[in-house]
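The values are calculated or read from the model by the stated rules, or taken from the named source; none is laboratory data. Worth saying up front: this structure is predicted, and the values here are computed from it rather than measured. Don't worry about glycine lacking a Cβ; one is built from the backbone with ideal geometry, like all the others, and counts go over all protein chains shown. Just the protein is used for accessible areas: all its heavy atoms, side chains included, with ligands, DNA and RNA removed. Shrake-Rupley method; radii C 1.70, N 1.55, O 1.52, S 1.80 Å.
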Amino acid sequence: MIDKAIPDAIGRVVATELKPATPHQFHFWTANATAIGIGAIVKVGGVGTGDEGRVVYGVVTEGFAYSDLATPLHDVVGAEGDPTRAADAPTARQQIRYWTGAVLRQTPEEPLQPVPLGQVYLADDADVAQALRMDGFLYSATPTAIPVGLYTSAGRDSPVYLDADFLLGPEAAHLNISGVSGLATKTSAVEFLLGSIFAHFPAHKGRIAAVCFNVKGPDLCFLDQPGDLSDEDRHRYERLGVPATPFQHVRLYAPLKADGVNLNTLRTHPDLVDDVEPLTWGLQEVVDYAEVLLNRDDIDAKADAFIDFLRDRVLSRTFDDGFGTTHRVQTFADLDRFFRSIFDGLEITAGGRSDTWRTHHIATMRKVRNRLLNISTRCKGLVTDDGPSSDLPWNEFKDRTVYVIDIANVDPLGQDLVFARVVSKLREQLERRELGVDAVVVFVDELNKYAPGDGPDTYVKKMLLDISERGRYLGLVLFGAEQFRSQVHRRVVGNAGTQLFGRMDMDELATPGYQVLTPATKSKLATLPIGELMVRHPHFTQPIFVRFPKPPVLRGRDGVERFPPAADVPFEDAVVRQLVRLDRRVRPNQVKDLIADREQDDVRRALAAARRTRPDDVLAYFRKVLGARVDSDGSRAREHQAVPPLNPISGEPY
């Protein structure tokens, strides 16, 4: 219950000709011993000023202290030049604590007038809600309040909320968080905020999920494991109305290593590895994002035209190459055979004199072939040469579920591919309302790398710009984090409706983007403790400092210590592990006997097909896809079967 007793005043507004009170700023004095500090929220009443009905809320942005000394020299003379004698003065000099406040809200809001010369009070819970305009979405018929932290200045413990309509759309959307590495707790803040969103997302707004790209070590690999919380953190969770438990529904995806069976992630402890699902893509999933993978300085308009031809006329279609061979290109292996058939056909039919096929020059085709086939080499494990893919559950996203994609150990080219394809698919399915949820939060760390303010316009940067400018209409919300906000593309950070700031570097605070902050606010930002943030939100007319509790999940480095990653297992054991994960009835010895002396590529294809299909009888399906064992003598006979020589095609000695 809110205490209705009239509080004691802690200061009084003063105005002079040199420093008058204005509609947006005021000054007040307090006793020397006061709980007021930078970031404190205060209330000004108009008692005895003729403005009894007007109440002004403000936040302290600057503080001063001075005495009646005209110059510092007077103090030196009074102490006879000895600092130790300054305390022996017969009378103590009068001091003043003088503060500057920025107006947060006036009631009534019209007419907008200068701040009255009234008494100043500390804000209580109800005052904080009024000052930050939270009453409009906190107490409405359809509340949209999302807890972001506690206002703890001046000994208070008041919850602070964000408006879901301005955090997750459609009015405004997106969140950006900046701060130095390790001290700003950017990842922890996002983890807490996702838990808060899942607990308080308004029912009338539908269902929501989150997709998190893990790009740094094990940061996001243990979101389903409980972490250690102090009593103070548990009290804060209770105060905010957020469960102090790890995420209940987490699905983790990671590419395979180059061997095609071991997962490329740090979450490989035997107790946890069964919860990680492989993420592998084939030609069909990759070719639509060739722009991400190809060097734009190397691939010209002719190559673009040929890639479009392949995409529209060749892939997944029955195609006659004009040399008597019919192709159905579905994998990188099929694509390689397709190119070889064309090159051989040109050499044989034209005697090596023709250099054009279907208006495309042979040099352009060779360039495209080399670039496309190189993808499966550079991104081996993520991109498979031959066989079906293993993908996210498109069309079947679940409510309040976190989908973590671990690409921390993937080649930068592969990281770009994963990000571009996943975000594109999310956008497409949200547009058609086929994803399974109504809104998706996409968390991307290291925006300094993916959306820098300078450098070329990469495909990934274009995707981030598209999300930040149009995602809120679809329910596609970007949560981005970086160390240096000034070096991220202005349209990415500018379109973020909510902005969080952890501890900042002084060099960063000296850039033009922070000139709206007072020197005292900058000084506090440079020394913020872990767990405290400065928040800017459309409803808040001034930045506000809040504290958030430690996330109730296991931190990445603690998770690696508690669940040490296991060493890569042999090929046979890795296959057994994945099949047993699909069907507990599978016996390891049966699988090992089945794959003995088989080609590993054939086993990988059968394993991928079983993962994708998830049949009732996994072992029977795996045996069927793998096929009958081929007699070794027969295969040896085919290896030595003579191949008719081709006609001479050129005068080259090799």
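Could you let me know the centre-to-centre spacing of segment 316-357 and segment 457-472, using Cα atoms, in angstrom?
So the separation of the two Cα centres works out to 37 Å.
From the Cα gyration tensor of the chain, with a ≥ b ≥ c the square roots of its eigenvalues, which class applies: rounded if a/c is under 1.5, or else prolate if a/b is larger than b/c, or else oblate? Intermediate results must be reported in sequence, preceding the final value.
On the way: a/c = 2.77, a/b = 2.31, b/c = 1.20.
The shape class here is prolate.
Figure the gain on full extension for Asp135 and Val76 (residue separation times 0.36 nm, minus the Cα-Cα span) and round it to one decimal in nm.
Details: separation 59, 0.36 × 59 = 21.24 nm, distance 5.35 nm.
Residue separation times 0.36 nm, minus the Cα-Cα distance, leaves 15.9 nm.
Sort His27, His269 from largest to smallest accessible area, using a 1.4 Å probe on the heavy atoms of the protein chains. Please list the in-between numbers first.
Details: His27 15, His269 35 Å².
If we order His27, His269 from most to least accessible, we get His269, His27.
Going Cα to Cα from Lys43, which lysines come in below 16 Å? Please leave out same-chain ones fewer than 8 positions away.
The reachable lysines, counting only those whose Cα sits under 16 Å from Lys43, are Lys4.
Distance check, please: which entries in Lys592/Lys624; Lys398/Lys461; Lys398/Lys462; Lys216/Lys367; Lys186/Lys524; Lys425/Lys550 exceed 26 angstrom between their Cα atoms?
On the way: Lys592/Lys624 15 Å; Lys398/Lys461 28 Å; Lys398/Lys462 28 Å; Lys216/Lys367 34 Å; Lys186/Lys524 17 Å; Lys425/Lys550 33 Å.
Lys398/Lys461; Lys398/Lys462; Lys216/Lys367; Lys425/Lys550, as the Cα separations exceed 26 Å there.
Given H placed on each backbone N at 1.01 Å, which residues far from Gly63 in sequence or on other chains put an amide H within less than 5 Å of it?
Thr100
What share of the DSSP beta bridges in the chain is antiparallel, in percent to the nearest 5?
Roughly 65 percent of the beta bridges in the chain run antiparallel, per DSSP.
On the full set of protein chains, 1.4 Å probe, figure out the accessible area of Glu396 and give it in Å² to the nearest 10.
In the full protein context, Glu396 sits at about 110 Å².
Can you find, among Val488, Val580, Phe338, the residue sitting farthest towards the positive end of the charge dipole of the chain, where Lys and Arg contribute +1 and Asp and Glu -1 at Cβ?
Phe338
Contour minus end-to-end for Arg491 and Ser181, with contour as 0.36 nm per residue of separation and end-to-end as the Cα-Cα distance?
Values: separation 310, 0.36 × 310 = 111.60 nm, distance 2.29 nm.
Value of the extension gain: 109.3 nm.
Could you sort 86-93, 166-173, 609-616 so that the peptide with the highest average Cβ count within 10 Å comes first and the rest follow in order?
Values: 86-93: 9.1, 166-173: 21.2, 609-616: 15.0.
Listed from highest to lowest mean packing, they are 166-173, 609-616, 86-93.
When all protein chains stay in place, what accessible area (Å², nearest 10, 1.4 Å probe) is found for Val418?
0 Å²
How big is the charge dipole of the chain about its Cα centre, in debye rounded to the nearest 20, if each Lys and Arg gets +1 on its Cβ and each Asp and Glu gets -1 on its Cβ?
Working: 78 positive and 90 negative charges, 190 e Å.
The dipole of the chain has a size of about 920 debye.
From the residues Leu167, Asn262, Thr144, which one has its Cα farthest along the dipole of the chain in the positive direction, the dipole being from +1 and -1 charges on Cβ of Lys/Arg and Asp/Glu about the Cα centre?
Positive-most Cα among the choices belongs to Asn262.
For the chain, what's the relative contact order in percent, using C-alpha pairs closer than 8 Å and at least 6 residues apart? Kindly include the intermediate steps, with their values, before the conclusion.
Numbers: 1167 pairs, mean separation 121.7, N = 654.
Once divided by the residue count of the chain, the mean separation gives 19 percent.
Can you send over the carbon and sulfur percentage of the accessible area for the chain, probe radius 1.4 Å, protein chains only? Don't skip to the end; give the middle numbers.
Working: 15330 of 31020 Å².
Of all accessible area on the chain, carbon and sulfur atoms account for 49 percent.
Hey, what number do you get for the chain at 222 nm if only DSSP H runs of n ≥ 4 count, each worth -39500 (n - 2.57), divided across all residues, to the nearest 500? Mind dumping the intermediate values first?
Details: 23 runs with 210 residues, N = 654.
Roughly -9000 deg cm²/dmol at 222 nm, from the helical runs in the chain.
Would you please classify the overall shape of segment 332-433 from the alpha carbon gyration tensor, given that a ≥ b ≥ c denote the square roots of the eigenvalues, rounded means a/c under 1.5, and beyond that prolate means a/b larger than b/c while oblate covers the rest?
In terms of gyration-tensor shape, prolate.
Probe radius 1.4 Å, ligands and nucleic acids left out: which of Ser376, Ser188, Ser523 has the largest accessible area, and how do the rest follow? Write out the running numbers ahead of the final one.
Values: Ser376 10, Ser188 30, Ser523 65 Å².
I get Ser523, Ser188, Ser376, largest accessible area first.
Over the heavy atoms of Leu193, what accessible area does a 1.4 Å probe trace out, to the nearest 10 Å²?
Answer for Leu193: close to 0 Å² accessible.
Return the loop-located trypsin sites (Lys or Arg not before Pro) in segment 553-592 (DSSP other than H, G, I, E, B) with at most 12 other Cβ atoms within 10 Å of their own Cβ; answer none if there are none. Intermediate results must be reported in sequence, preceding the final value.
Values: sites: Arg555, Arg557, Arg562, Arg577, Arg581, Arg584, Arg585, Lys592; in loops: Arg555, Arg584, Arg585.
Within segment 553-592, the qualifying trypsin sites (Lys or Arg not before Pro) (loop, at most 12 other Cβ atoms within 10 Å) are Arg584, Arg585.
As I understand it, the dipole of the chain uses +1 on the Cβ of Lys and Arg and -1 on the Cβ of Asp and Glu, about the Cα centre. Which of Gly556, Thr71, Thr541 lies farthest toward its positive end?
Of the candidates, Gly556 comes out farthest on the positive side.
For segment 565-580 and segment 597-628, write down the distance between their C-alpha centroids in whole Å.
Computed from Cα coordinates, the inter-centre distance equals 15 Å.
How much area per residue is accessible in the chain when the probe is 1.4 Å and only protein heavy atoms are counted (Å²)? Could the numbers behind the result be given before it?
Details: 31020 Å² over 654 residues.
Here the per-residue accessible area is 47 Å².
How much length is gained on full extension from Ala203 to Arg313, taking 0.36 nm per residue of separation minus their Cα-Cα distance? Provide the component values of the computation, followed by the final result.
Numbers: separation 110, 0.36 × 110 = 39.60 nm, distance 4.59 nm.
Length gained, Ala203 through Arg313: 35.0 nm.
From the square roots a ≥ b ≥ c of the eigenvalues of the alpha-carbon gyration tensor of segment 71-218, which class results: rounded (a/c under 1.5), prolate (a/b over b/c), or oblate? Can you show the working numbers first?
Details: a/c = 3.59, a/b = 1.80, b/c = 1.99.
Since a/c reaches 1.5 but b/c is at least a/b, the shape of segment 71-218 is classed as oblate.
Quick one: Cα centre-to-centre distance for segment 492-562 and segment 361-403, in angstrom?
Measuring centre to centre over Cα atoms gives 37 Å.
What residues qualify as long-range amide H neighbours of Leu162, i.e. H under 5 Å apart, gap of 5 or more or another chain, H built at 1.01 Å from N?
Ile146, Val148
Provide Ser153, Ser486, Ser178 ordered by accessible surface of protein heavy atoms (probe 1.4 Å), highest first.
Details: Ser153 25, Ser486 60, Ser178 0 Å².
Descending accessible area places them as Ser486, Ser153, Ser178.
Hey, got a sec? Which chymotrypsin sites (Phe, Trp or Tyr not before Pro) in segment 313-404 land in a DSSP loop and have at most 16 other Cβ atoms within 10 Å? Kindly include the intermediate steps, with their values, before the conclusion.
Details: sites: Phe319, Phe323, Phe332, Phe338, Phe339, Phe343, Trp357, Trp394, Phe397, Tyr403; in loops: Phe323, Trp394, Phe397.
For chymotrypsin sites (Phe, Trp or Tyr not before Pro) across segment 313-404 that sit outside H, G, I, E and B with at most 16 neighbouring Cβ atoms in 10 Å, the list reads Phe323, Trp394.
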